[in-house]
Each structure stands twice: as structure tokens, then as C-alpha cells.
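The structure appears below as C-alpha cells.
The values are calculated or read from the model by the stated rules, or taken from the named source; none is laboratory data. Bear in mind that the values here come from a model prediction, so they are computed numbers and not experimental data. Cβ placement follows ideal geometry from the backbone for every residue including glycine, while neighbour counts extend to all protein chains displayed. For the accessible areas, the whole protein counts, side chains as well, though only heavy atoms, and no ligand, DNA or RNA atoms are used. Shrake-Rupley method; radii C 1.70, N 1.55, O 1.52, S 1.80 Å.
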Amino acid sequence: MKLISTVAAALLSQITLATASKSSADQCCAALASSEIGDKVLYPEDPAYNKSVTSYWAVNVQLEPNCIVQPESAEDVSIAVQTLTEAGGSNPCKFAVRSGGHMTWAGANNIETGVTIDLSHMNSTTYNKEAKVASILPGSRWEAVYKSLEEYNAVVPGGRTGPVGVGGFLLGGGNSFHAARVGLACDNVVNYEVVLASGRIVNANNTTNTELFKALKGGSNNFGIVTKYDLKAIDNAHLWGGITVFDNSTTNQQIDALVKFIDNIENDPFASWIGLWQFNSTTGQTTISSPMDYTKPTARPAAFNDFYKIPNISSTNRFATLYNLTSELQQAAGYRDVFLTSTYLNSAAVLHKTIEILNKKIDEALPLAKGKDWSIMVIIQPWPKIYWQRNQHNGVGNVLGLDRFDENMLQVLYDYSWDNSADDALFQRLCEEALAELDEYARKIGKYNPYIYLNYADVTQNPLAGYGEENVEFIREVALRYDPDGVFQTQVPGGFKVSEA
């Protein structure tokens with residue numbers, strides 16, 4: 001009887017806390033509704049609320065906050081932040097910030113009990129032809145950015161999948177088709193406009209707020225809300241590329257070609273390659289899809305010669321714009337997803353082990369999955385030293401910590417998607433096991449690297465720690481300086497926090 005009473009008391013305590021949290025969140029929504037941006041606050045009964053919630057790419061991250069606010073300017077964001085830091089009483093307002101909503105773990109950019117600041121209405125791109133700088137608002141999607149810049153025959157180094165949002169991509173580093181030419185995308189930002197926890201709007205660049213400028217280059221959402229990114233543009237929006245599909249039996253040839261390709265990227269930095277090994281439960285087949293893109297309009301460049309020698313099933317290679325190519329390269333929305341990623345030294349042995357583990361997890365999932373429509377995929381990408389050495393001595397640098405390394409690397413992303421919520425635990429477990437086994441193998445043969453690309457990381461990972469102790473301490477100091485009350489550490493629980501690195 002005493003045990004039952006103890007359990008009942010614990011349940012009652014949890015219910016009381018949940019009720020108090022909901023009540024506090026409702027107060028936060030009420031405060032927003034009575035503020036100058038009250039007309040931009042959405043509640044569950046509003047059609048626009050549902051549109052926002054369901055616009056997240058992965059179904060498993062489509063949480064339902066108490067309310068959503070959709071600012072349209074930096075001033076609106078400032079009012080929202082000031083309101084949320086002042087309301088809530090003894091229970092400070094919890095809130096989330098979303099740009100494109102492409103992360104795959106619940107709570108990264110949304111919240112269940114609290115407020116979501118949805119930046120999707122801040123989605124324009126303007127271009128300064130004289131300065132060759134594109135000013136991009138944080139709720140923009142990359143395909144819209146590229147489309148806006150086409151009339152100027154210009155591009156910026158951005159996402160390779162059209163629907164990905166600008167904000168999170170740039171704050172996490174940003175790998176692009178142009179990385180070997182101009183470095184990671186964050187290193188091409190020349191100015192950030194930021195709303196701090198105080199509500200103050202500041203600029204961060206090479207001469208103003210330089211510590212914040214550096215920290216934002218990979219430091220994620222630990223400092224404030226970025227309301228505008230100014231990026232250096234690249235002349236010529238025209239490329240050659242597309243997606244080539246191969247039979248799974250060509251895996252060994254693909255691996256041999258890739259290892260050689262990674263070690264030769266610096267000899268032709270216009271070339272970009274991605275490899276996707278994907279098992280589809282509806283077909284029962286694994287295929288290899290390779291986006292091969294060349295960032296100037298040259299047909300069949302020699303950089304891909306080893307891949308041309310491999311027989312293919314189909315190819316869409318063509319002359320195209322960046323907008324066109326990134327509209328083609330995207331995964332279907334409407335599924336539940338998990339990403340887990342690591343980085344390794346360039347190694348055929350690691351690649352063979354990657355595919356071996358992929359096949360093993362397919363075999364494990366087949367008798368256990370309850371849903372009928374699911375996919376187990378691994379995405380392999382070059383991560384050569386030229387990506388970070390390109391801008392090593394340009395300005396203040398970034399906080400990614402890649403300048404510690406002087407070897408070419410590769411990145412592995414295990415990407416599992418499924419349609420049935422009953423399979424959530426299964427695919428999360430299989431994906432975690434896959435990466436853990438690969439990490440262990442790579443450590444054993446001396447090919448593991450501690451860097452974790454934040455934009456692909458899962459909640460179970462700690463990408464900031466992979467930046468190195470010196471950079472973690474720098475991020476922590478900058479966060480304390482610009483957010484002394486720790487608003488973005490405690491009131492914004494989503495994302496990767498330097499306080500937990």
C-alpha cells in the first residue's frame with residue numbers, strides 16, 4: 001500500500017509540474033498577444049498554426065507549442081525576445097527558434113510546452129551588385145535564395161538541398177558544392193545581424209563585435225537570434241551536374257574511386273561528389289545515387305573520370321543552375337527520421353566497414369519493422385582539408401576546430417526514415433548501433449576523428465565538444481558576455497548548448 005501511495009504521489013507531482021509549466025507557457029503566450037506583435041501570434045485553433053507545425057521536414061519533430069509567433073523583422077524578433085524574457089514569473093518562458101525546420105530530433109527547433117519563434121516569414125534575399133554581397137533573412141530556404149540571385153548570375157555557398165533553411169545551416173558550419181573553392185559557408189559570412197537576449201540588435205563582423213562574429217561561425221544558437229546574414233557571392237550561377245544512379249554491385253569500384261577523388265579535390269576544387277547508398281523497403285533493393293556537380297559549366301570534367309568508368313543505370317547530368325540542381329537533390333518529406341554522423345580519415349577500410357554495417361542493419365530491420373515504407377541509407381561525403389584551410393588566415397576564423405587537422409577526411413551520415421511511429425525505438429536503436437560500431441572500428445584502426453558536423457548531429461551526440469577544448473571555452477566566454485543571464489542556455493532548451501559541451 002505504501003508503494004502505491006509513493007507512486008501515486010510521484011505521478012501527482014509530475015502532473016502538477018506539467019500543469020504549472022503549461023500555465024506558465026500560456027502566460028507567456030498571453031504576454032506576446034498583448035505586445036506590439038500580438039497580431040503575429042498563432043494558437044492551435046488557427047489554420048496558420050497547423051501549417052507551421054506540419055511544415056517541419058521530419059514528422060517526429062512536429063511538436064505542438066502553446067503558441068507560435070511569426071515575426072517579420074528584426075524589430076519584431078527583438079520584441080518577442082524581450083517579452084519572453086520578462087514574462088512567465090517564477091517559471092521563465094521556454095521558447096524555441098526555427099528557421100527551415102530540417103533537424104531530425106524533436107526539440108531541436110520546436111517545443112512542446114512553450115513558444116516557438118517561427119522565422120519563416122523573414123524569407124527575402126537582396127543583392128548588392130557592387131559589393132557582391134547577398135543579404136539573406138534567416139527564414140529563407142536555399143532554393144529561394146538561389147532563385148533570387150539567378151537574375152544577377154550569382155550564387156552563394158549554401159545548402160545542396162533546396163528546402164533546407166538558411167539559419168541553422170550557416171550557424172552549424174555549412175557544407176556546399178563550392179566548399180573546396182571558397183571554404184565552408186560560415187566562412188563566407190561577412191556580417192551577422194543579431195538580436196541578443198536583452199533585445200538589443202547588433203551587428204557582428206570583422207571590425208564590430210568580432211568575438212561574437214567568430215563564435216557564430218559554428219557556435220549554433222548559444223548567443224542570440226540571427227536576423228540577417230550577409231554572404232559573399234560567387235559569379236556564375238551555371239553548373240554542370242546531376243544525379244547518377246548505380247547498381248549496388250559497384251560498391252567496391254565506388255569506394256576505390258572516392259578515396260582517390262578525396263585526395264585530389266585540391267587539384268580541381270570545382271568538383272563536388274556525394275554518395276548515397278539507400279535500401280528501400282518497398283522495392284527491397286539497395287541502389288547507389290551519386291550527385292556529381294561541377295561548379296562551372298564544363299561538361300564531363302576529368303575530376304569524375306574514375307566514376308565515369310563505372311557502369312550506371314541512369315544519369316541526369318546536364319548544364320543547369322544551382323537552383324535547378326538543388327531542387328532535384330532532396331529527400332521526400334512526410335517521414336519520421338533520425339540522423340547520426342561522424343568524421344573519419346580518408347580510408348577505404350572505413351568505407352567498406354560503413355557499407356558492411358549498413359547491410360547488417362537492413363537485415364536486422366527486415367523482420368522487426370512494423371511499417372511497410374521505410375528506408376535505411378548511408379550518405380558519404382568528402383571532407384578534405386582544403387575545406388577549412390581555404391579560409392584559415394582570412395579574418396577572425398571560426399570555432400569549428402578543424403584547423404587542428406592536416407589530413408583529408410570523409411564524413412559518414414546514417415540516415416534512417418520510416419512511416420510508422422511504432423518503429424521509432426527500433427530505428428533509433430539501429431542507427432545508434434550502426435554509428436557506434438563504425439566509430440569503434442575507426443578508432444581501432446586509427447582512422448577516427450573527433451569532429452562531428454553539427455547540422456547532421458543527433459540529440460544523443462555532442463558536436464560542440466568535437467570543436468576542441470579551446471574553442472568550447474571561447475564559445476562559453478562569448479555566450480556569457482553577450483547573454484549574461486543565460487537565456488539561450490536555459491530558456492531556449494533546443495539545439496546544442498555550450499553549457500553541456
| Do we have any residue at all in region 474-485 that's among the hydrophobic types (A, V, I, L, M, F, W, C), surrounded by fewer than 22 Cβ atoms within 10 Å (Cβ to Cβ) and part of a helix (DSSP H, G or I)? | yes
| task | Check region 102-121 and report whether any residue there is hydroxyl-bearing (Ser, Thr, Tyr) and out of contact with any strand residue (DSSP E or B) (no Cβ under 6 Å at 6 or more places or on another chain). | result | yes
| query | Does Trp57 qualify as being out of contact with any Gly (no Cβ under 7 Å at 6 or more places or on another chain), among the aromatic types (Phe, Trp, Tyr) and at pLDDT 95 or above? | reply | no
| Got at least one residue in region 181-189 being buried (at least 20 other Cβ atoms within 10 Å of the Cβ), within 28 Å of Ile357 (Cα to Cα) and of a type outside the set (Gly, Ala, Ser)? | no
| query | Restricting to strands (runs of 3 or more DSSP E) lying wholly in region 192-274: which have 3 or more residues that are open to solvent by less than 50 Å² (accessible area, probe 1.4 Å) and on the phi < 0 side of the Ramachandran plot? | reply | 224-232, 238-247, 271-273
| request: Those residues that are within 17 Å of the chain's Cα centre (by Cα) and either closer than 16 Å to Leu216 by Cβ or free of Cβ contacts under 8 Å to residues at least 60 places away in the same chain (or both), I need them from region 466-497; list them, please. | output: Tyr467, Gly495, Phe496, Lys497
| request: Just name the residue that is most open to solvent (accessible area, probe 1.4 Å) out of those in region 486-501 that are part of a loop (DSSP other than H, G, I, E, B), in contact with a helix residue (DSSP H, G or I) (Cβ under 9 Å, 6 or more places away or on another chain) and small (Gly, Ala, Ser). | output: Ala501
| query | Of the residues Phe177, Phe169, which single one is out of contact with any strand residue (DSSP E or B) (no Cβ under 7 Å at 6 or more places or on another chain) and under 15 Å from Thr326 (Cβ atoms)? | reply | Phe169
| field | Qualifying residues in region 290-314 (those that are open to solvent by less than 10 Å² (accessible area, probe 1.4 Å) and hydrophobic (A, V, I, L, M, F, W, C)) - the one nearest to Glu328 (Cα to Cα) | value | Met292
| note | By residue number, the members of region 429-462 that are in a helix (DSSP H, G or I) and farther than 25 Å from Trp418 by Cα are Glu440, Tyr441, Ala442, Arg443, Lys444
| query | Pick from region 361-379 the residues that are of a type outside the set (A, V, I, L, M, F, W, C), touching a residue at least 12 places away in the same chain (Cβ under 8 Å) and under 21 Å from Ser249 (Cα atoms): which of them is most open to solvent (accessible area, probe 1.4 Å)? | reply | Glu364
| task | Could you run through region 440-451 and say how many residues are surrounded by fewer than 22 Cβ atoms within 10 Å (Cβ to Cβ) and within 21 Å of the chain's Cα centre (by Cα)? | result | 2
